[in-house]
Amino acid sequence: KQEVTQIPAALSVPEGENLVLNCSFTDSAIYNLQWFRQDPGKGLTSLLLIQSSQREQTSGRLNASLDKSSGRSTLYIAASQPGDSATYLCAVKGDNFNKFYFGSGTKLNVKP
Amino acid sequence: DVKVTQSSRYLVKRTGEKVFLECVQDMDHENMFWYRQDPGLGLRLIYFSYDVKMKEKGDIPEGYSVSREKKERFSLILESASTNQTSMYLCASSLPPANYGYTFGSGTRLTVV
């Protein structure tokens, strides 16, 4: 069964800093990987979706990379802002292509 | 944009009650999913459906059932609510091709007392 790990579990940085969130998965046979943001008590908002054939995707200050062979993805956030404070989750779509496997998330706090 | 709407943001129910959680999507997605999210346990798949009247068990189906009579609506049913079903419930939808991602609803925070 696919297992998805996110390290660190929590991260606190000063405003303006560039940062990297990590996601690793045990089975490299994936269809795609999706990064989400979750604010406290809310649902998940999709940030980026990377197909297995792609190396990276960009949206504004966010850049997600994918290295399937090593089972890793990173989410790079440039010039962090207090509004970026949230929990970030990654999910991979694997053997059963209808469903995603989720990591437990990284809780990010950006201090003003 | 695809919208996935969960009918209630917060629910408080009593132990033993039958509880219905409703989820509606407006973009003709075939696949719909129910997850629960608990601190320290992450998101766990309860049930999913890949077509009307079709359903499959996820990782933790015990104590739950589902109904999908129309393509746009996927209901999660707690037959007899228990306190250990207090949780955040999240609905998601997706198109079937493997290269599509999930769209989530805003979640229902259920408390069973």
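Quick note: the coordinates plus some simple rules give every number you see, no bench work behind them. It should be emphasised that the depicted structure is a prediction, and the values quoted were computed from it without experimental measurement. Reconstructed Cβ throughout: ideal geometry from the backbone, glycine too, with neighbour counts over all protein chains shown.
Can you tell which of B:TYR89, B:TYR102 is surrounded by 18 or more Cβ atoms within 10 Å (Cβ to Cβ), in contact with a Gly (Cβ under 9 Å, 6 or more places away or on another chain) and touching a residue at least 24 places away in the same chain (Cβ under 8 Å)?
Working: B:TYR102 fails: in contact with a Gly (Cβ under 9 Å, 6 or more places away or on another chain).
Just one listed residue meets the conditions, B:TYR89.
Give region A:26-54 a look and list any residue that's without any contact (Cβ under 8 Å) to a residue 12 or more places away in the chain and either of a type in the set (S, T, N, Q) or more than 20 Å from A:ASP84 (Cβ to Cβ) (or both), or say none.
A:THR45, A:SER53
Looking only at region A:39-70, how many residues end up being among the polar types (S, T, N, Q), under 11 Å from the mean Cα position of the chain (by Cα) and facing chain B (nearest Cβ under 10 Å)?
Just the residues of region A:39-70 that are among the polar types (S, T, N, Q), to begin with: A:45-46, A:51-54, A:57-59, A:63, A:65, A:69-70.
Imposing the further condition that a residue be under 11 Å from the mean Cα position of the chain (by Cα) reduces the set to A:46, A:63, A:65.
Checking which are facing chain B (nearest Cβ under 10 Å) leaves us with A:46.
The qualifying residues number 1.
Within region B:18-37, restricting attention to residues that are buried (at least 16 other Cβ atoms within 10 Å of the Cβ) and more than 14 Å from the chain's Cα centre (by Cα), which residue is farthest from the other protein chains (Cβ to nearest Cβ)?
Selected residue: B:HIS29.
Go through region B:34-86 residue by residue and tally those that are free of Cβ contacts under 8 Å to residues at least 40 places away in the same chain, of a type in the set (Gly, Ala, Ser) and in contact with a strand residue (DSSP E or B) (Cβ under 6 Å, 6 or more places away or on another chain).
The number of residues fulfilling the criteria is 5.
Of the residues that make up region A:15-23, is at least one within 11 Å of chain B (Cβ to nearest Cβ) and under 14 Å from A:PHE102 (Cα atoms)? So that I can check it myself, show each step before the final result.
Within region A:15-23, the first condition is being within 11 Å of chain B (Cβ to nearest Cβ), and the residues that meet it are none.
No: zero hits.
Does region A:75-90 include one or more residues that are under 30 Å from B:ASP51 (Cβ atoms) and either among the polar types (S, T, N, Q) or within 14 Å of chain B (Cβ to nearest Cβ) (or both)?
Initial filter on region A:75-90 (under 30 Å from B:ASP51 (Cβ atoms)): A:89-90.
From what's left, either among the polar types (S, T, N, Q) or within 14 Å of chain B (Cβ to nearest Cβ) (or both): A:89-90.
Yes: one or more hits.
Residue check, A:ALA64 against (1) surrounded by 13 or more Cβ atoms within 10 Å (Cβ to Cβ); (2) touching a Gly at 6+ places or on another chain (Cβ under 7 Å), all met but one. Which one?
(2)
Those residues that are more than 12 Å from the chain's Cα centre (by Cα) and part of a strand (DSSP E or B), I need them from region B:38-54; list them, please. Please lay out each step first, then the result.
So in region B:38-54, the residues more than 12 Å from the chain's Cα centre (by Cα) come out as B:38-42, B:50-54.
Residues satisfying the conditions are B:ASP38, B:GLY42, B:TYR50, B:ASP51, B:MET54.
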